[in-house]
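Read the structure below first, then the notes.
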Amino acid sequence: MTDRNAPSLRTDLAARPHAEVLIIGGGINGVATFRDLALQGVDVALVEKNDFISGASAGSSHMIHGGVRYLENGEFRLVHEAVRERNDLIGTAPHHVKPLQTTIPIHSAFSGLFNAPLRMLTHRSGKPKERGALLIKVGLTIYDSFSRNGGRVPRHEFHGRKRSLRALPDLGPGVKYTATYWDAAIRDPERLGQDLVRDARAAGGDRARAVNYTAAVAIDGDQVVLEDGPTGRRIPFSAQIVINAAGPWADLVNDALGRETRYMAGTKGSHIVLDHPELLDATGGRELFFENSDGRIVLIHPLKGRVLVGTSDLEHDITEPAVCTEDEVDYFIDLIAQVLPDIAVDRSQIVYRFSGVRPLPSHEDLPPGFVSRDYRVEHGELVAGGPRLITLVGGKWTTFRASAEHLTDDTLKELGRERSVTTRGLAIGGGKGYPADERSRQAWVERHADGVGRERAAVLLARYGTIAREVIDAIVEDDDDRALETLPDFSTGELRFLALTEDVERLADLLQRRSDLAFTGRLSREIFAEVAEAVAPVLEWDQARVGSEIARTMDQLAALHGWQAAADANIPA
């Protein structure tokens, strides 16, 4: 089985404390830039204060979308780019990014027709007013036009009340029309981030180093001081170029490096995940996307046998943890009732709640809904006459490849080099060679069923894409592999493979970011214990460490995600 990479990488940072480029921040934009630079042959190192894809990037609505609502803010460039990137991801990451049918319930024909131009010109909403059918029709027509070349999803459709209720009979009685269009869902954002890290290491070898739980804490001359979280060891690290991809925390990182900036002013977005079969059925397998009476955009999104509901858009102090509050939960439950009034929802059905901070630019008194979701790149010097400092301001999940391309091109220009590889159309991780249709999928499963069986091979292909080949090899080579008693669809060999090859430092890494166990609410004390015991030998955890990991994970999930130990169920109470 592959040797564990995290300790050797940490040792290597100290043994070779320099690179051409140092990236600070292991969210989606940071790891995408890491991959792009590695593909160009640049000597690049990335450090992340916590785990990869654990900050703002872990708080997403699981959507890959063009942002049809941004048209009303006049952000045509962003929407066009985002639609193009959505289409690209459906092809390059088909194991994680899937087309998603989205329906907007509409209660009037002409509402909002005069408000929309006012919003675009003044960025002021006035009294919230629902968008009517005509306005939505105009927006979706423009939206479809951006997919005209290379589009991978169908065009939008409008339906009247009768046909709308045939498709979605639980919609409220006030619905007069529905508009249905297509975007895409990202089933496992954190796993896609892992794929990008894997690709970078494969391309760059020992010239592409990424280490989690390592923070940039100070400046020493022209070197960045890195602090290893597990040991507290400090390492002065030198680079020609430092890229700050810390998202909402970019100003805090720059401040720590002695460069005071005030680029960011993120807002908090929260979500709840429900285990609610009736609500799941009511969605008809499609996302419901609508405007609440207060003017906020809301979504009800079927995903992994659960229903994701969000999102809020609240000002947030970046120095404080982002937590989904009880008031926000009340808000979400109330808005479900507005759209699906006959579906009863209560807190007992919530299996997970989470909150993230959007990396929005500083916006003074501009309302959060009008703040641009676009990104920009700021250039400066880390110290006078020393390394260059490049800071990413803004950015969103859908456009991570484009923003990484922008950062990489700017970096290559600073280094006096030319781009040698494009990432547009380049398959990501387990998307390489992913079966394009059901017949191909069945053939792939048949070829890789030896040692694990067809059913297990199919599960692993869905979970990891074609990287499942490596997972299957590891399982077959693991003499002690067995299905978990608490989680029969996972095995000890599979978990040990993840622990060894994907920089797992803590139990929460496995439960929240290398798997969907936390998101889907499949957690209990027994599961914590069995997962920790399975990986303890390869992570060199003794019984004291196993116990501390379980306790820390339970405390973290309770404080930030509303988890409670339930006596008779494997879900939050």
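List of remarks:
- DSSP loop chymotrypsin sites (Phe, Trp or Tyr not before Pro) with at most 16 other Cβ within 10 Å: longest gap in the chain: 115-573
- Segment 158-197 - Rg and Dmax from Cα coordinates, angstrom: 17.1, 49
- Where a label projected 7 Å from the Cα of Asp12 along Cα→Cβ would reach, residues of segment 491-516 with amide N under 19 Å: 498-505
- Straight-line reach from Lys176: taking Cα to Cα under 28 Å and skipping same-chain neighbours fewer than 8 places apart, the lysines in range are Lys127, Lys129, Lys137, Lys162.
- FRET efficiency, 1/(1 + (r/R0)^6) with R0 45 Å, evaluated for Asp555 and Ser238 via beta carbons: 0.75
- A full extension of the chain between Ala337 and Leu252 corresponds to an added length of 26.6 nm, given 0.36 nm per residue minus the alpha carbon distance.
- Using every pair of distinct Cα positions in segment 175-257, the Kirkwood expression returns a hydrodynamic radius of 16.2 angstrom.
- Förster radius 30 Å - calculated FRET efficiency between Lys176 and Lys98 (Cβ-Cβ, nearest 0.05): 0.50
- When the convex hull of its Cα atoms is viewed from all sides, segment 220-301 shows a mean projected area of 10.1 nm².
- The modelled label-to-label distance between Lys304 and Gln564, using points 7 Å beyond Cα along the C-beta direction, is 2.3 nm.
- Net lengthening on full extension, Glu320/Lys162 (0.36 nm per residue, minus Cα-Cα): 52.1 nm
- Here Phe76 and Ala529 are evaluated by their C-beta separation; at R0 = 41 Å the FRET efficiency comes out at 0.20.
- Positive contributions from Lys and Arg (+1) and negative ones from Asp and Glu (-1), summed over other residues with Cβ under 12 Å from the Cβ of Gly204, come out at 0.
- Backbone N within segment 242-276 under 16 Å of label point (7 Å from Asp222 Cα along the Cβ vector): 242-243
- Gyration tensor over alpha-carbon atoms, segment 20-107, equivalent ellipsoid semi-axes in Å: 30, 15, 14
- If the chain linking Arg441 and Ile297 were pulled fully straight, counting 0.36 nm for each residue of separation and taking away their Cα-Cα distance, it would gain 48.2 nm.
- In the chain, the DSSP-assigned H stretches of four residues or longer account for a calculated mean residue ellipticity at 222 nm of -11000 deg cm²/dmol, using -39500 (n - 2.57) per stretch and the full residue count as denominator.
- Across every pair of non-identical alpha carbons in the chain, the mean reciprocal distance, once inverted, gives a Kirkwood radius of 24.6 Å.
- Segment 386-497: C-alpha gyration tensor shape, a/c 1.5 cut-off, then a/b vs b/c: prolate
Each value in this text was obtained by applying a stated rule to the coordinates, not by laboratory testing. Small disclaimer: the values here were computed from a predicted structure and weren't measured. With ideal geometry, Cβ positions are generated from the backbone for all residues, glycine too; neighbour counts draw on all protein chains shown.
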